[in-house]
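What follows is a short report on a single structure.
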Amino acid sequence: MKGVFLRVIRQMANDKRSLALIFIAPLMILTLLFLLLGDSPYVPKLAVSSSMPSQAVTRLEEQDVTVTHLAADADVETLLKNGDIDAYLSMAPGSADIKMLEPDSVKMGKITTAVKNALETSSGQQGLSFSYIYGEVTSTFDSLGYVLLGVMAFFVVFILSGVSFIRERTTGTMERLMLTPVKRLSVAAGYTAGFGVFAAMQSAVLVLYAQSVLGLHFSGSVLLAVLIMVLLAFTAVATGTFISIFANNEFQVVQFIPVIIIPQIFFSGMIPIDTLPYHLGILSYVMPVYYGCTALKAVLLKGEGITAVWPYLLVLVGLLLLLSLINTLALKKYRSI
């Protein structure tokens with residue numbers, strides 16, 4: 001027992017990646033959660049109708065809320081879609097109605113608190129009802145379906161490609177292949193395409209299963225959703241291959257999950273980036289999952305077409321090409337062996 005105990009201690013002490021996984025990764029994730037879920041500087045932009053009691057409006061203006069007075073013929077939907085306002089408050093019989101672009105827990109929380117305070121102070125009325133332009137969903141699964149699809153596709157393919165590429169190296173296949181006259185670009189493209197075929201098949205299966213079997217609500221084109229998933233999956237292949245450069249075995253690839261995958265879940269759109277404190281939303285612009293999930297959200301919840309999501313697809317293609325270029329350059333060390 002003593003011998004085994006000492007061997008495990010020595011083995012762990014010499015494995016810097018495992019030590020980082022045990023001590024640094026949890027602290028990093030916990031700190032990230034603290035920053036993301038802490039006090040947000042977000043100030044709701046609330047528009048009120050002329051039917052709102054003046055005392056309630058005055059009370060709203062005294063709180064941390066930007067209040068805009070709208071005329072009866074104002075185009076509320078356009079203002080919400082353009083981001084000029086976050087919510088529109090009007091009086092309905094027996095309650096106040098809050099109209100928003102889509103369900104959003106962070107914005108809803110702040111707006112609800114402000115409106116309740118105003119109504120309680122002015123009239124003692126507490127009844128609130130919500131309506132949305134997008135995302136009149138029936139379950140949490142429907143509202144978060146785009147996040148689940150994007151993260152699932154990226155996570156599984158990342159592990160598959162990273163572990164498979166490590167196996168190619170440890171079995172000597174990579175070194176033998178690089179002894180041939182084949183170009184490095186062809187090798188990198190071949191690996192990406194080979195793993196990408198299965199990644200594309202998995203993406204199609206995931207989308208079709210979520211829609212036809214699980215009943216996930218699709219407001220837009222299924223084919224466009226599949227295209228987004230396939231591009232995200234190919235980017236995951238390139239990311240997994242890139243990460244495998246820094247790993248010596250399959251276990252070390254898994255050790256990168258807390259660093260590469262978990263932060264991307266937080267920046268997938270589940271938390272609105274315009275409400276994140278300390279300008280942390282900027283980090284989402286370097287994360288493939290953000291672009292994939294944002295495009296999926298536009299298609300699944302808003303019913304948008306290719307004209308609305310092509311910028312996100314273009315960024316995914318750019319990330320794919322960049323990572324593939326880095327992977328191609330990294331193959332040089334195997335040719336020199």
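The values are calculated or read from the model by the stated rules, or taken from the named source; none is laboratory data. Treat the numbers as computed from the prediction; the structure is a model and nothing was measured. Here Cβ is always computed from backbone atoms with ideal geometry, including for glycine, and neighbour counts include all displayed protein chains. Accessible surface is based on the protein model in full, side chains and every heavy atom, while ligands, DNA and RNA are left aside. Shrake-Rupley method; radii C 1.70, N 1.55, O 1.52, S 1.80 Å.
Worth pointing out:
- The residue of the stretch 134-154 that is farthest from residue 213 (Cα to Cα), among those that are open to solvent by 20 Å² or more (accessible area, probe 1.4 Å), assigned to a helix (DSSP H, G or I) and not aromatic (Phe, Trp, Tyr), is 151.
- In summary, no helices (runs of 4 or more DSSP H) completely within the stretch 164-280 bear 3 or more residues that are open to solvent by 50 Å² or more (accessible area, probe 1.4 Å) and of a type in the set (Val, Ile, Thr).
- Verdict on residue 157 being closer than 23 Å to residue 296 by Cα, part of a helix (DSSP H, G or I) and of a type outside the set (Ser, Thr, Tyr): yes
- Taken as a whole, the condition of being over 22 Å from residue 38 (Cβ atoms) and either at pLDDT 90 or above or not basic (Lys, Arg) (or both) applies to residue 311.
- Cβ-Cβ contacts under 9 Å between residues 6 or more apart (or on different chains), taken from a first residue in the stretch 33-48 that is part of a helix (DSSP H, G or I) to a second residue that is open to solvent by 50 Å² or more (accessible area, probe 1.4 Å) and among the hydroxyl-bearing types (Ser, Thr, Tyr), are listed as 35/278.
- Remark: pairs (first residue in the stretch 92-107, within 23 Å of residue 38 (Cα to Cα) and at pLDDT 75 or above; second residue part of a strand (DSSP E or B) and small (Gly, Ala, Ser); Cβ separation under 8 Å; 6+ apart in sequence or on different chains) = 107/87.
- Between 54, 49, the distinction of being open to solvent by less than 40 Å² (accessible area, probe 1.4 Å), polar (S, T, N, Q) and within 30 Å of residue 112 (Cβ to Cβ) belongs to 49 only.
- Within the set 25, 47, 56, the sole residue that is modelled with pLDDT of 80 or more, within 33 Å of the chain's Cα centre (by Cα) and among the small types (Gly, Ala, Ser) turns out to be 47.
- Note on the stretch 293-312: among residues that are open to solvent by less than 20 Å² (accessible area, probe 1.4 Å) and of a type in the set (Val, Ile, Thr), the one that is farthest from residue 150 (Cα to Cα) is 309.
- Residue match in the stretch 283-297 (condition: free of Cβ contacts under 8 Å to residues at least 24 places away in the same chain, in a helix (DSSP H, G or I) and among the hydrophobic types (A, V, I, L, M, F, W, C)): yes
- Of all the numbered requirements in (1) more than 14 Å from residue 145 (Cβ to Cβ); (2) in contact (Cβ under 8 Å) with a residue 24 or more places away in the chain, residue 325 misses one, and that requirement is (2).
- Strands (runs of 3 or more DSSP E) wholly inside the stretch 64-133 containing at least 2 residues that are charged (D, E, K, R) and closer than 30 Å to residue 219 by Cα: 95-100
- Some residue of the stretch 13-34 being farther than 19 Å from residue 259 by Cβ and surrounded by 13 or more Cβ atoms within 10 Å (Cβ to Cβ): no
- Tabulated pairs, the stretch 6-26, first among the basic types (Lys, Arg), second modelled with pLDDT of 75 or more, C-beta under 7 angstrom, 6+ apart or interchain: 17/252; 17/255
- Criterion (more than 26 Å from residue 185 (Cβ to Cβ) and at pLDDT 90 or above) met by exactly one of 224, 214, 208: 224
- Matching residues, the stretch 71-80, being surrounded by 13 or more Cβ atoms within 10 Å (Cβ to Cβ) and modelled with pLDDT under 85: 74
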